[in-house]
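This report concerns only the one structure given below.
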Ligand code: XUL
Ligand code: CO
C-alpha cells in the first residue's frame, strides 16, 4: 500500500466526546439504524475530480493545493496511476466504500480517440487492482463532455454532428469502463447542454438531440449488459445561462417527453437545487414521487454566493432533511452519497482532504440518526397528516375519487358556510424538527 498520507491514521468511530481530529464522532459503519448498518444507508463516495484533480484555483488565482504525489511527472499514465494509489489510500483510511470519476479525471486525453481509449484502458486496469485489494467500487462513472474546447457549443446539443459523435464515443467507452469496474451507476450531467441566448439557438433541435443522445446511451447500456442505473443530474445554470436539465421537475418532464422515464433516475445535487431556487429536499421529494430518486451529490452552497460553491456538507440539519427524504423513499438502491465537494481554497494541505471528508461523513451520520429518530417518534408525519384530515371526510373523498363534477361542487359550496381554516403551524413543525438535532 502507498504512503501518500503519512499523517493520516485509519479513521475509526470514537464517539462524540473524543478530541481526536482523526476519528468519527457519529459515523459508526456497523451500527444498525432501522435494521440496516449505517454504512449501507449512507453509501459514501468520494469523487476523483475534486479530491485528486482540483488544484483549488479560482477565477482570480492560481491553483494552490499541495499534491506531493504529482511530483513533476507531467500528465503521464504513470502519474495517473500514482494519483489513483493516493486516492485509494485516502478512501481506505477513511472507510469510504465508493468512488466516482469522469473518464478524463483518471486518464489523460490522447491525440486521437483510439489513443484516449488506450489511456483509459490502462488506468482502469490499475484501478481494478486497487479495487481488488480494498473492496472499494465505483458508485458511478461518467464522461467529461464539457472541458475540452471541442465542447464549447455543447456535446449532444452542439451545432455539429461530428461533436455529437465524439461525445457518443466518449460515453460508450466511459460506460464500458464503469461496467468493467463494477460500477453501480452511470451519470449524465449536461455540462454544456444549454444555451446563453435564444437568438442563436434552435431550442427544439437541441432538446431533440439531447433526447436522442440519452436514448442511444441507454441502448448501449443494454447492448453491453451494463446492469447499473442511469442517472441524470439536474442543474439550472453554470456553465451555460440556461441548462436543459434545469431541475428535477424539468428532467422528469424531459424524460417523459422522450419516453426515457423508465430507464433513468435522478442524481440530485444539493448545491444545484439551491441554484435552481429549491431546497435539496424539494428536489429529492419531487424525484421520489416519480419513483426516480437514484443518488445524491452531497455538498452544500453558501448563503452569500449565487454559484456552485461545492462546499463539503458539514451541516447536520441539512443532512437530516436530506436523509429524511431518503429514508421515506425507502433508501438507496444503486445510488449513495457522493461528496461532489471541494475544500475551500485556503485549505490546501493534503490532510485537509481527510478533515473535509470526516466532517461530511459525521454530518451525514448525525443527519441519519436524527432522521431515523424523527420517523420513530412519528409526530412530524402525524402532524402533517392531520393537516389534510378533512380529505378523509365525505366531500374530500368524493373529490379524490373523481365522483364530484364542478357543478356538484358549486351546489355544495352554495349551501355551505365559509370554510373554517386552521394554522399550518410552520414554526411548530420547525421547532419539533430541531429537537432531534
Ligand atoms: C458539476 C457537477 C459534476 C457532475 C458530474 O456541477 O456536479 O461534477 O456531478 O459530471
Ligand atoms: Co455533481
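Please treat every number below as a calculation from the coordinates, not as lab data. All figures in this text were calculated on a predicted structure; none of them were measured in a lab. Cβ coordinates were reconstructed from backbone atoms using ideal geometry, including for glycine residues, and neighbour counts include every protein chain displayed.
Taking Cα pairs under 8 Å and at least six residues apart, what relative contact order does segment 1-74 come out at, in percent? Mind showing how you got there, number by number?
Numbers: 53 pairs, mean separation 11.9, N = 74.
That works out to 16 percent.
Would you mind calculating the gained length between residue 386 and residue 404 on full extension (0.36 nm times residue separation, minus the Cα-Cα distance), in nm to one decimal?
Gain on stretching residue 386 to residue 404: 4.1 nm.
Taking other Cβ within 10 Å of each residue's Cβ, how do 232, 351, 296 sort, fewest first?
Ranking 232, 351, 296 by Cβ neighbours within 10 Å, fewest first, gives 351, 232, 296.
Using the beta-carbon distance between residue 114 and residue 263 and R0 = 30 Å, what value does 1/(1 + (r/R0)^6) give for FRET efficiency, to the nearest 0.05? Mind dumping the intermediate values first?
Details: r = 29 Å, r/R0 = 0.97.
About 0.55, to the nearest 0.05.
By how many degrees, between 0 and 90 and to the nearest 10, does the Cα long axis of helix 161-180 differ from the longest principal axis of the chain?
90 degrees
Express in % the proportion of alpha carbon pairs of the chain at distances exceeding 29 Å.
Above the 29 Å cut-off, the chain has 50 percent of its Cα pairs.
With labels modelled as points extended 7 Å from the Cα through the Cβ direction, what inter-label distance (nm, one decimal) is found for residue 78 paired with residue 437?
Once both label points are built, they end up 5.0 nm from each other.
Calculate the tail of P(r) for segment 255-378: the fraction of all Cα-Cα distances greater than 17 Å, expressed in %.
More than 17 Å apart: 58 percent of the Cα pairs in segment 255-378.
Among 67, 175, rank each residue by its count of other Cβ atoms within 10 Å, from fewest to most, as a rough exposure measure. Let's see the in-between values first.
Working: 67 18, 175 24.
In increasing order of surrounding Cβ atoms, one gets 67, 175.
How many angstrom separate the Cα center of segment 379-414 from the Cα center of segment 292-324?
When both Cα centres are located, 36 Å separates them.
Pairs of alpha-carbon atoms within less than 8 angstrom and 6+ residues apart define the contacts here; what relative contact order does segment 78-236 have, in percent?
22 percent
Taking the simple approach of a point 7 Å from Cα along Cα-to-Cβ for both residue 153 and residue 17, what is their distance in nm?
6.7 nm
Per-residue ellipticity at 222 nm for the chain, helices alone: DSSP H runs ≥ 4 residues times -39500 (n - 2.57), over residue total, nearest 500 deg cm²/dmol?
Result for the chain, helices only: -14000 deg cm²/dmol.
What percent does the relative contact order of the chain come to when contacts are Cα pairs within less than 8 Å and at least six residues apart?
Once divided by the residue count of the chain, the mean separation gives 16 percent.
Against the longest principal axis of the chain, how steep is helix 77-93, in degrees 0 to 90 to the nearest 10, with axes from Cα atoms?
Approximately 50 degrees, to the nearest ten.
How would you rank 113, 187, going from fewest to most other Cβ atoms within 10 Å of each one's own Cβ?
Fewest-to-most ranking of 113, 187: 113, 187.
What is the angle, in °, between the Cα long axis of helix 350-377 and the longest principal axis of the Cα atoms in the chain? Nearest 10 is fine, range 0 to 90.
20 degrees
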